[in-house]
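The structure appears right after this line, and notes come after that.
The values are calculated or read from the model by the stated rules, or taken from the named source; none is laboratory data. Please read all numbers here as calculations on a predicted model, not as lab measurements. We place every Cβ from the backbone using ideal geometry, glycine too, and count neighbours over all the protein chains shown.
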């Protein structure tokens with residue numbers, strides 16, 4: 001177990017964030033994520049995602065206030081086309097959620113593969129949320145991640161997101177076969 005922040009360090013005003021490695025996609029992709037995120041219960045999945053073809057992996061904190069989803073699609077994607085793919089997801093999101101404000105598409109190149117991402121600001125009830133959509137290639141296919149968190153926790157979750165982009169690791173076919 002690792003920590004991104006420790007509130008015990010002098011001068012740190014951030015809550016501790018303890019990380020653990022998880023398998024995002026069996027035999028394909030791993031990442032370091034906060035311990036507070038676990039597989040969402042079926043009851044919460046049915047409540048938050050009451051539709052077919054919901055993301056295959058949905059993580060959440062115990063209350064469902066913070067959610068992270070991961071999906072891999074059969075659509076081909078090269079590293080050189082990630083920004084274009086993120087812009088297409090941006091356009092689709094803008095069309096579906098025209099009332100919400102979206103940031104431009106940004107690129108993060110800190111990890112092994114570039115990630116194109118953007119932020120959507122939204123309200124659910126009386127609470128404002130940040131909803132990040134991020135796109136990268138995994139084994140030549142489109143991989144979509146989302147993270148939704150209360151706006152009041154944006155400093156914490158922006159740091160987590162940057163760390164996620166850095167630690168997303170694709171396992172080689174040989175690594176997966178050796179297990």
### Message
Among the residues of the stretch 153-160, are any surrounded by fewer than 18 Cβ atoms within 10 Å (Cβ to Cβ), more than 24 Å from residue 24 (Cβ to Cβ) and without any contact (Cβ under 8 Å) to a residue 40 or more places away in the chain?
### Response
no
### Summary
Counting only residues that are part of a strand (DSSP E or B) and surrounded by fewer than 13 Cβ atoms within 10 Å (Cβ to Cβ), the stretch 108-127 contains a total of 3
### Task
Being at pLDDT 85 or above and assigned to a loop (DSSP other than H, G, I, E, B) is the filter; apply it to the stretch 1-47 and report the residue that is farthest from residue 110 (Cα to Cα).
41
### Task
For the stretch 46-66, enumerate the residues that are farther than 16 Å from residue 144 by Cβ and in contact with a strand residue (DSSP E or B) (Cβ under 9 Å, 6 or more places away or on another chain).
48, 60, 61, 62, 65, 66
### Task
Inspect the stretch 161-172 for any residue being in contact with a strand residue (DSSP E or B) (Cβ under 8 Å, 6 or more places away or on another chain), in a strand (DSSP E or B) and farther than 17 Å from residue 27 by Cβ and give the result as yes or no.
no
### Query
Going through the stretch 71-88 one residue at a time, which ones are outside any strand (DSSP E or B) and more than 16 Å from residue 117 (Cβ to Cβ)?
78, 80
### Query
Mind checking which residues of the stretch 93-107 are assigned to a loop (DSSP other than H, G, I, E, B), modelled with pLDDT of 95 or more and either at positive phi or surrounded by 14 or more Cβ atoms within 10 Å (Cβ to Cβ) (or both)?
105
### Query
Just wondering, is there one or more residues in the stretch 67-88 that are in contact with a strand residue (DSSP E or B) (Cβ under 6 Å, 6 or more places away or on another chain), closer than 24 Å to residue 123 by Cα, at pLDDT 90 or above and loosely packed, with under 15 Cβ neighbours inside 10 Å?
no
